[in-house]
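K.L.:
Got a structure here, written out as structure tokens. Questions coming.
Quick note: the coordinates plus some simple rules give every number you see, no bench work behind them. Note that the structure is a prediction, hence the values are computed from the model and not measured. Virtual Cβ from ideal backbone geometry, glycine too; neighbours counted across all protein chains shown.
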């Protein structure tokens, strides 16, 4: 017990003198938070749009105005013909073009169906989806209104979508809790791996190995200070997320902190495994980044888990971040309770056991 | 000196893949001795120490250290030894005192005694005024003293020092060796590796290691005597290079080495070296200003031994 405290104290003292690392650990969450919160936004707005109006009528002007009023389309100007639309798309002046056919108003008046064309630049699927969505509902509404006026009755079926938990569909609400997991994965794995490899590089590990310190005392003493740092980061992100981005927290903070322990521990154990493989701090850092990438891509942080092929989903299940994201989003945004999160708890516990097992297998107090 | 054996190593060997670091080392170190392990770089000194400390398993052979088998009970061994590694292995980003506190902690020095023990060690090593300095800012000599103080904080009966004075200035080396003798006089057994010959002469007993094997073990004077070397120091005012070449051709001459204006001639076989040199140089018509016999040193014995091993 004493020995393990001696190591933890030593680690804290070294950390206190390592101003750069300390600053990094505080700045990393804040900078990432601001970047993801402000810069990364999947709410598509202000898409440059051109109009080829072949009808020049009141009805055609009206439809263009409704389009512009959504805030989704910025009307950049009028064009005349497909070649001009294509030039606009290639140069990036336009991503969407609306083509109103000649005789549009006349068809409406004659109660004949009329077809509007929407040309969309498909290079970014997210823009295609949003553009089609917005304009379809717009046209559906217009059609319904016209039909209503003619028939004098309400349409038979109506859909009333109700969005729970993040009703305004703000990206920050989705991203900020997830960022806790990403930042913990990044810093926890890297810090532990580097803390041990640093001792090997500087030759102090030999002094530790030759001392009566047991492996478990060494491992615990090494990682305990980083657990504390992990909690500081969690608090920092939640606090800044709340103040700057108005991210709600509806569940139990205590529950989140409790479950976070499993996640931090799993990452620290993985850091220990890496430290036994890496010879230099640089290698340790590379391994940590190599591990981070699939975490960001597969865990559901950036792309929906449900959209991945089955094999990728299985791989993602083995990543602690996948389960932690469900926990943190569940607790923070939906108010999930412990019993709601039992499956994630089992997964995290299982992963933790595997990592700890690997670490203690690899982490031997021997040289050579 | 009691006859109690603190280290008993039998046919230790360690291979790293195809590389044989230690071929066959058997040693017996008695309690209270300063036991020197002497050998050129790469002879297997550090590997031997690591095996004796229980942090590296021997490929074959075995050793009992402070009464425990290094293979079976390495943790028992570790509790009872101090070890100063070849590289400076303290935390440069901790202060002198923090380093001491850390080692007191991991060696389980009881909390009540800790403060007094640390202050005693600081006092003795002369580190008291520097206790708040970062270890990185100490000079090489002071770093070594700190390493020694840290590795003896738990009062181990056996202390391993692996080239403790490599790269340290001569004055600091002297002071360091005074400390080693003090520790030894308090009953601690010390095993020290070195390739400084003046340090070798300060050990009670020595083992010569070369290419992973022990060439000879004994007190410095025994080792020198066994080699049966005689030394002549010649002052040759002119043509000293030709003189050296002529002397080297003689089978009795083991080595000729220039030391400034002096030629140091080592002979084997016990004949009078001065008479031999006079005869050779007179025959070649080379003037000899002065010639006298000198006492052979450990260095002479060592060089001679390594040479004959290398030739065979």
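K.L.:
Starting from the Kirkwood radius over alpha-carbon pairs of region A:162-207, derive D by Stokes-Einstein at 25 °C in a medium of 0.890 mPa s and give it in µm² s⁻¹.
P.N.:
Diffusion coefficient, whole number: 181 µm²/s.
K.L.:
Next up: In degrees from 0 to 90, rounded to the nearest 10, what is the angle of the helix A:320-329 Cα long axis to the longest principal axis of chain A?
P.N.:
Taking Cα atoms only, the helix is inclined about 60 degrees.
K.L.:
A follow-up question, please. I'd like the FRET efficiency for residue B:128 and residue A:244, computed as 1/(1 + (r/R0)^6) with the beta carbon distance as r and R0 of 45 Å, rounded to 0.05. Before the final figure, lay out each step's value.
P.N.:
Details: r = 51 Å, r/R0 = 1.14.
It comes out at approximately 0.30.
K.L.:
Quick one: Kirkwood hydrodynamic radius for chain B, alpha-carbon pairs, angstrom, one decimal? All intermediate terms of the calculation are to be shown ahead of the outcome.
P.N.:
Details: mean 1/r = 0.0466 Å⁻¹.
Taking the inverse mean of 1/r over all distinct Cα pairs, chain B comes out at 21.5 Å.
K.L.:
Taking R0 as 56 Å, what's the FRET efficiency between residue B:241 and residue B:166 from their Cβ-Cβ distance, rounded to 0.05?
P.N.:
Details: r = 33 Å, r/R0 = 0.59.
Efficiency at R0 = 56 Å is approximately 0.95.
K.L.:
Along Cα→Cβ, 7 Å out, is where each label goes; now give me the distance between the ones at residue A:315 and residue B:262 in nm to one decimal.
P.N.:
For the pair residue A:315/residue B:262, the computed spacing is 7.4 nm.
K.L.:
Just to be sure I understand: of the beta bridges DSSP finds with both ends in chain A, what percent are antiparallel, rounded to 5?
P.N.:
Working: 4 of 14 bridges.
Of those bridges, close to 30 percent are antiparallel.
K.L.:
Taking the mean number of other Cβ atoms within 10 Å as a proxy for protection, how do you rank A:105-116, A:234-245 from highest to lowest?
P.N.:
A:234-245, A:105-116
K.L.:
Using Cα-Cα distances under 8 Å and only pairs 6 or more residues apart, what relative contact order does region B:229-311 have, in percent?
P.N.:
Once divided by the residue count of region B:229-311, the mean separation gives 41 percent.
K.L.:
Could I have the simple spin-label model distance between residue A:62 and residue B:182, label points 7 Å from Cα toward Cβ, reported in nm to one decimal?
P.N.:
Reported label-point gap for residue A:62 and residue B:182 is 10.3 nm.
K.L.:
Another question about this same structure. Counting partner chain Cβ atoms within 10 Å of every residue's Cβ in B:43-56, what's the average?
P.N.:
2
K.L.:
How big is D, in µm² s⁻¹, for region B:229-311 by Stokes-Einstein at 37 °C and 0.692 mPa s if Rh is the Kirkwood radius over C-alpha pairs?
P.N.:
Working: Rh = 12.7 Å.
Using the Kirkwood radius from Cα pairs, D works out to 259 µm²/s.
K.L.:
What is the mean projected area of the alpha carbon convex hull for region B:1-151, to one decimal in square nanometres?
P.N.:
10.5
K.L.:
Quick one: compute the contact order of region A:241-368, relative version, from alpha carbon pairs under 8 angstrom and 6+ residues apart, as a percent.
P.N.:
Values: 121 pairs, mean separation 53.5, N = 128.
For region A:241-368, the relative contact order is 42 percent.
K.L.:
Calculated FRET efficiency, residue B:4 and residue A:358, Cβ-Cβ r, R0 35 Å, to nearest 0.05?
P.N.:
0.20
K.L.:
Given the options B:272, B:18, B:254, which has the most mean-square fluctuation in a GNM of chain B, springs set between C-alpha atoms less than 10 angstrom apart?
P.N.:
The residue with the greatest mean-square fluctuation here is B:18.
K.L.:
How large is Rg/Rh for chain A, to two decimals, with Cα atoms and a Kirkwood Rh?
P.N.:
1.15
K.L.:
Can you give the extra length, in nm with one decimal, that the chain gains between residue A:118 and residue A:292 once fully stretched, where that is 0.36 nm per residue apart less the Cα-Cα distance?
P.N.:
58.6 nm
K.L.:
Quick one: check the C-alpha center-to-center distance for region A:261-279 versus region B:1-58, whole angstrom.
P.N.:
Using only Cα atoms, the two centres lie 35 Å from each other.
K.L.:
Determine the relative contact order of chain A: mean sequence separation of Cα pairs under 8 Å and six or more apart, normalised by residue count, in whole percent.
P.N.:
Values: 451 pairs, mean separation 72.5, N = 368.
Relative contact order here is 20 percent.
K.L.:
Give me the compactness ratio for region A:65-223, meaning the Cα radius of gyration over 2.2 N^0.38 Å.
P.N.:
That works out to 1.99 for region A:65-223.
K.L.:
In addition: As a footprinting exposure proxy, order A:96, B:6 by other Cβ within 10 Å, with the fewest listed first.
P.N.:
With the fewest neighbours first, A:96, B:6 line up as B:6, A:96.
K.L.:
On to the next question. Could you list the square roots of 5 times each eigenvalue of the Cα gyration tensor of region A:47-151, that is, the equivalent ellipsoid semi-axes, sorted largest first and rounded to whole Å?
P.N.:
Here the semi-axes work out to 24, 16, 11 Å.
K.L.:
Over chain B, with a Gaussian network built from C-alpha contacts below 10 Å, which listed residue (B:21, B:275, B:63) shows the highest mean-square fluctuation?
P.N.:
B:275
K.L.:
What is the average number of partner chain Cβ atoms found within 10 Å of a Cβ in A:198-210?
P.N.:
Averaged over the peptide's residues, the number is 6.
K.L.:
Tally the DSSP beta bridges in region B:5-224 and give the antiparallel ones as a percent, rounded to 5. Intermediate results must be reported in sequence, preceding the final value.
P.N.:
Working: 21 of 40 bridges.
DSSP beta bridges in region B:5-224 are roughly 50 percent antiparallel.
K.L.:
Also, I was wondering about something else. Where the centre of each part is set by its Cα atoms, how far does region B:126-172 sit from region A:1-35, in angstrom?
P.N.:
After rounding, the separation between the Cα centres reads 28 Å.
K.L.:
Further, regarding this structure: Using only the alpha carbon atoms of region B:162-290, find the Kirkwood hydrodynamic radius as the inverse mean reciprocal pair distance, in angstroms to one decimal.
P.N.:
Taking every pair of different Cα atoms in region B:162-290, averaging 1/r and inverting gives 17.3 Å.
K.L.:
Averaged over B:80-92, how many beta carbons belonging to a partner chain fall within 10 Å of each residue's beta carbon?
P.N.:
So the per-residue partner count for this stretch is 4.
K.L.:
Right, next: If you wrap a convex hull around the Cα atoms of region A:244-368, how much volume per residue is inside, in Å³? The partial results should precede the final answer.
P.N.:
Details: hull volume 17.4 nm³, N = 125.
Measuring per residue, one finds 139 Å³ for the Cα hull of region A:244-368.
K.L.:
Quick one: Debye curve from the C-alpha atoms of the protein assembly as shown, no solvent, what's log10 I(q)/I(0) at q = 0.05 Å⁻¹?
P.N.:
Values returned for q = 0.05 Å⁻¹ are -0.45.
K.L.:
Of B:115, B:80, B:144, which has the largest mean-square fluctuation in a 10 Å C-alpha GNM of chain B?
P.N.:
In the Gaussian network model the winner is B:115.
K.L.:
Output the Kirkwood hydrodynamic radius of region B:138-226, Cα pairs only, in Å rounded to one decimal.
P.N.:
14.0
K.L.:
Where the convex hull is taken over the Cα atoms of region A:136-252, what is its projected area averaged over directions, in nm²?
P.N.:
Value for region A:136-252: 13.1 nm².
K.L.:
What is the spin-label model distance, in nm, from residue A:45 to residue A:334 if the labels are put 7 Å beyond Cα along the C-beta direction?
P.N.:
Here the answer is 2.8 nm between the modelled labels.
K.L.:
Helix A:281-298: angle to the longest alpha-carbon principal axis of chain A, degrees 0 to 90, nearest 10?
P.N.:
Orientation of helix A:281-298: about 40 degrees from the principal axis.
K.L.:
Here is a follow-up. Mind pulling the angle between the C-alpha long axis of helix B:111-125 and the longest principal axis of chain B? Nearest 10 degrees, somewhere in 0 to 90.
P.N.:
That works out to roughly 30 degrees.
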